[in-house]
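Notes follow once the structure below has been shown.
No value in this document is a laboratory result; all are computed from the given coordinates. Not measured: the values here are computed from a predicted model. Every residue, glycine among them, receives a Cβ derived from its backbone with ideal geometry; neighbour counts consider all protein chains shown.
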Amino acid sequence: MSRSVNVGILGTGSIFRAYAAGIATLPELTVTRVADVDLERARTAAAEFGIPAAGTTEELLADDDVEIVVNITPPAVHAPLNEAALRAGKHVYTEKPLAATTELARANLVTATETGRTLGGAPDTFLGTAGQTARAAIDDGLIGTPFAATSFVRSSRVQAWHPSPGFFFQAGGGPVLDWGPYHVAALVNLLGPVRDVMGANAMAEKELAVTAPERTVESVPVEVPTHATSILRFDSGVLATVMYSFDVWDTELPHLEIYGTGGTLSLPDPNTFDRPVRIKRRGDTEWSELPAVTEAKAPATGPFRGLGVLDLARHLDGGPHRASGDFAFHVLDVLERMSLASPESGALTVLSSVKRPAPLDRP
């Protein structure tokens, strides 16, 4: 890009530091303003990362210098804040999920079209080294023709570290919408769009004790399913067996594997960027690590976010849009089908479709 794009971050919650630290490593982006309903928290966050301005949502949306708004507020308010930012003339990149429901997300996409603004959405982790290396391996035929996959998520134990984790267990939360986006985005990047979903959901407990050291509540009610199992059938015919759970605290199952006629790919946690991808072809006696095909690295400071924001900025400059609103909508559509699935419902058709995002250029 020939210029740096100014970014305003809306929300300074638990994922803020990952965005602020990540964007700071990307010279094409500059965070110029941050906003939060807690003004003191916004000012503290701005001071920590040298961000020039901090204030209210209204001030951020009225700031003509802000070109892209990064919405990292709780999921329940993604849709109205996306709407407000788009109508304020901003391009928007929102944390996952795109909105709490596909109905709300669809309205955001319509608004983006009406306003001539661009909407993008997390997760962007499939743009990292692991996601792109696995994509290259599949595109190059290293495991033959993919025919199946497995995808497993155990509890993040959020009640043990988040001071007020209630929203994780309310509408817009749960393991399907919290962890599922990383896995489904990774699968769609590797295998293409999902056609239909079969499955079932369960809830192990109706109330959870909060044990986080700095907790502000002692317990939270559980209002959404906390354990989901599904089979995803892709347009390509590939079948993926998935289990996303807030109730399973320990497991030895792999995060993500792709099975092909010529071998198996083993991927790291899709919530990360740059851990190794392993392969074992038929006839091999050992697993081997694949050489990385991109240079996207997480900083040593910890969790990393920002490649999706950069992807949006480069799209404004004429490049492809990989972490697009349409991509995020399809991921949400799949997850919503998972949330609704039951033995009685049979296969639920995923109403949207999307092309596999273009792979990043290899060096």
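For the pair SER288/ASP361, report the inter-label distance in nm, with labels modelled 7 Å from Cα in the Cβ direction.
2.9
Name the residue, out of LEU208, LEU29, LEU187, whose mean-square fluctuation peaks in a Gaussian network model built on the chain with Cα pairs under 10 Å.
LEU208
Among the chymotrypsin sites (Phe, Trp or Tyr not before Pro) within the range 106-162, which fall in a DSSP loop and have no more than 16 other Cβ atoms within 10 Å of their own Cβ? Spell out each step's value before the answer.
Details: sites: PHE126, PHE147, PHE152, TRP161; in loops: TRP161.
Hits after loop and neighbour filter: TRP161.
Are there trypsin sites (Lys or Arg not before Pro) in the range 167-264 that DSSP puts in a loop and that have at most 11 other Cβ atoms within 10 Å, and which ones?
Working: sites: ARG195, LYS206, ARG215, ARG233; in loops: LYS206, ARG215.
Qualifying residues, ordered by number: LYS206.
Mind checking which of VAL194, VAL34, VAL222 has the largest fluctuation in a GNM of the chain, springs on alpha carbons under 10 Å?
VAL222
Report the local net charge at ASP63: Lys and Arg +1, Asp and Glu -1, summed over other residues whose C-beta lies under 14 Å from its C-beta.
Working: positive: ARG33, LYS90; negative: GLU58, GLU59, ASP64, ASP65, GLU67.
It works out to a net charge of -3.
Report the net charge of residues surrounding THR261, where surrounding means a beta-carbon distance below 11 angstrom and charges are Lys +1, Arg +1, Asp -1, Glu -1.
Numbers: positive: ARG281, ARG282; negative: none.
My count for the surroundings of THR261 gives +2.
Taking other Cβ within 10 Å of each residue's Cβ, how do VAL354, VAL238 sort, fewest first? Don't jump to the answer; show the numbers that get you there.
Numbers: VAL354 17, VAL238 22.
Arranged by neighbour count, lowest to highest, VAL354, VAL238 become VAL354, VAL238.
Taking Cα centroids, how far is the range 63-126 from the range 233-281 in Å?
Their Cα centres are 29 Å away from one another.
At R0 = 25 Å, how high is the FRET efficiency between LEU39 and ALA212 if r is their beta carbon distance? Nearest 0.05 is fine.
Working: r = 24 Å, r/R0 = 0.96.
Efficiency at R0 = 25 Å is approximately 0.55.
Using only the Cα atoms of the range 126-211, build the gyration tensor, take square roots of its eigenvalues as a ≥ b ≥ c, and label the shape rounded, prolate or oblate: rounded if a/c is under 1.5, else prolate if a/b is larger than b/c, else oblate.
Note, shape of the range 126-211 comes out prolate.
What are the GluC sites (Glu not before Pro) within the range 1-76 that DSSP puts in a loop, where the Cβ has at most 16 other Cβ atoms within 10 Å?
On the way: sites: GLU28, GLU40, GLU48, GLU58, GLU59, GLU67; in loops: GLU28, GLU67.
Passing sites in the range 1-76 are GLU28.
Grab the other residues whose beta carbon is less than 13 angstrom from that of ILE15, score K and R as +1, D and E as -1, and report the net.
-1
With each pseudo-label sitting 7 Å past Cα toward Cβ, what's the GLU252-GLU48 distance in nm, one decimal?
3.8
Test of understanding: in a Gaussian network model of the chain with alpha carbons linked when under 10 Å, which of GLU95, GLU257, GLU286 would top the mean-square fluctuation ranking?
Answer for the Gaussian network model of the chain: GLU286.
Restricting things to alpha carbons, tell me how big the range 5-121 is in terms of Rg and Dmax, in Å.
Cα radius of gyration and Dmax of the range 5-121 are 13.1, 38 Å respectively.
Between ARG3 and THR241, what is the spin-label point distance in nm, taking each point 7 Å from the Cα along the Cα→C-beta axis?
For ARG3 paired with THR241, the spin-label model returns 5.3 nm.
Please work out the FRET efficiency for the pair GLU295 and SER14, using the Cβ-Cβ distance as r and a Förster radius of 25 Å; give the result to the nearest 0.05.
On the way: r = 27 Å, r/R0 = 1.10.
Step by step, r from the Cβ atoms, then E = 0.35.
List the residues, sorted by chain then number, that are 5 or more residues from ARG275 or on another chain and whose placed amide H is less than 5 Å from its amide H.
ALA130
Positive end of the charge dipole of the chain (Lys, Arg +1 and Asp, Glu -1 on Cβ, about the Cα centre): tell me which of ALA84, TYR19, ILE279 has its Cα farthest that way.
Farthest towards the positive pole: ILE279.
Based on the Cα coordinates of the range 178-314, what is the per residue volume of their convex hull in Å³?
Working: hull volume 26.0 nm³, N = 137.
So the per-residue hull volume is 190 Å³.
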